[in-house]
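Report on one structure; see the data block that follows.
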Amino acid sequence: MSTKIIVFWVLSEDAGTFVEQIRPAFIAYQIPLGLGVTQVLISALKRNIKPFNQV
């Protein structure tokens, strides 16, 4: 069984080289994205969680 891939969706014929080239930019994008999501989550928790001694 073979899978047909539409040529339009092929980013590179050499996946290894492609990944080596984009990895630094990808990581540089992912780190601040994760930190931003974490910051928003902490802010939401601070606004919505009551102290342990409150019902």
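What follows draws every value from the coordinates through simple rules; no lab data is involved. Computed from a predicted structure; not experimentally measured. For neighbour counting, all protein chains shown are included, and Cβ atoms are generated from backbone atoms with ideal geometry for every residue, glycine included.
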Checklist entry - Quick one: Karplus J couplings for region 4-17, per residue in order, coefficients 6.51, -1.76, 1.60, θ = phi - 60°, nearest Hz, x for Gly and Pro? => result 8, 10, 6, 4, 4, 8, 7, 7, 7, 6, 10, 4, x, 5
Checklist entry - Exposure proxy check: ILE6, ILE49 ranked by fewest other beta carbons within 10 Å? => result ILE6, ILE49
Checklist entry - How much space per residue, in cubic angstrom, does the convex hull of the C-alpha atoms of the chain take up? => result 200
Checklist outcome for this item: Expected vector for region 18-29, Karplus 3J(HN,Hα) from phi with 6.51, -1.76, 1.60 and θ = phi - 60°, integer Hz, x for Gly and Pro, equals 4, 5, 4, 6, 8, 3, x, 5, 4, 5, 4, 7
Checklist outcome for this item: With only helices counted (DSSP H, runs n ≥ 4, each -39500 (n - 2.57)), the per-residue ellipticity at 222 nm for the chain, to the nearest 500, works out to -22500 deg cm²/dmol
